[in-house]
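See structure below.
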């Protein structure tokens, strides 16, 4: 069993283990080994919190920029990343819910595109040297490594899906590189914040990595019928491709040869799952 140890000093944005030095009307003053203390407001106190007891708290700043403690755990701590929901916007930035009484500000300068209330964005919690506050940034690429080491084509990697773009889904690869899965490489539903296994297609000169969810060497990974059905479901039951579609377009969209695509269309049509017309292919609704 691990014994708690009192933190040496107060650390903003992290979980601190502090001793209750004294109880007052506003709450409990918690102290680190170096003698610095911080207020834990009375609303967080429980009956077992007595003087001399060690407690784990998260430290951040209140609306008046004073250091304050809370027993609530934030969505992400300093230098951590997570999916946050936008709860409010202002001329200078957007506010994200992170499970604390004071929302996390993402200044306009740290946004890639304007935020809207109700959206979910992947954010990194950072320390702002200018204001001495914890803030969020959507510009996660600034903190990722640009030189890829030890990764080669076809190697399996761990990815975290962080953003949907016109080209595809941006990912964090092995917790330190930026990667992208192009839309024409995706034949299943993926969600922001999801962790997956992927494979390296190429490592670009700028240090960014092109990825695929299909295992290398698998001629029909995931099944060509599943790919076409998944595309149709995503496209609300209609796609503009049929037997006459251009071979390169089919390859880029589905990763299939024209011969395999036509064979799959025939199989799906014979099984009553789709209908192929001159105007495209249609998913049959049962």
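Some observations on this one:
- Considering only alpha-carbon pairs that sit under 8 angstrom and 6 or more positions apart, the relative contact order computed for the chain is 9 percent.
- Listed residues 175, 64, 234, most fluctuating in the chain (Gaussian network, C-alpha, under 10 Å): 64
- Segment 224-283 shape via C-alpha gyration tensor axes, a/c threshold 1.5: rounded
- Cα gyration tensor category, rounded, prolate or oblate, for segment 15-70 with a/c compared to 1.5: oblate
- Least to most buried among 116, 73 (fewest other Cβ within 10 Å first): 116, 73
- 0 to 90° range, to nearest 10: angle between helix 258-270 axis and the chain longest Cα axis: 90
- Per-residue Cβ neighbour rank within 10 angstrom, fewest leading, 285, 57: 285, 57
- Neighbour counts of C-beta atoms inside 10 Å place 173, 149, 203, 87 in the sequence 149, 87, 203, 173, starting with the fewest.
- By the helix-only formula, in which each DSSP H run with n ≥ 4 contributes -39500 (n - 2.57) and the sum is divided by residues, the chain has a 222 nm mean residue ellipticity of -3500 deg cm²/dmol.
- Helix 224-234 axis, angle to the chain major axis (alpha carbon atoms, nearest 10°): 60
- Correct choice for P(r) over Cα pairs in 10 Å bins from 0, in percent that was computed from the model, options [x] 7, 32, 40, 20, 2, 0; [y] 6, 22, 21, 20, 15, 9, 6, 2; [z] 6, 28, 35, 23, 7, 0: [y]
- Here, segment 7-154 has an Rg and a Dmax of 17.8, 62 Å when only alpha carbons are counted.
- Pairwise FRET efficiency - residue 147 versus residue 188, Cβ, R0 = 25 Å, nearest 0.05: 0.20
- Global geometry of segment 81-141, whether rounded, prolate or oblate, following the gyration tensor of its Cα atoms and the 1.5 cut on a/c: rounded
- Residue of 168, 207, 150 that the Gaussian network model of the chain assigns the largest fluctuation, springs spanning Cα pairs under 10 Å: 150
- Residues of segment 49-79 with amide N under 20 Å of the 7 Å Cα→Cβ point at residue 195: 73-79
- Separation of segment 121-173 from segment 32-54 is 36 Å, based on Cα centroids.
Every number in this text was worked out from the coordinates using simple rules, so none of it is lab data. Keep in mind that this is a model prediction, so the values were computed, not measured. No Cβ is skipped: glycine too gets one built from the backbone with ideal geometry, and neighbour counts run over all protein chains shown.
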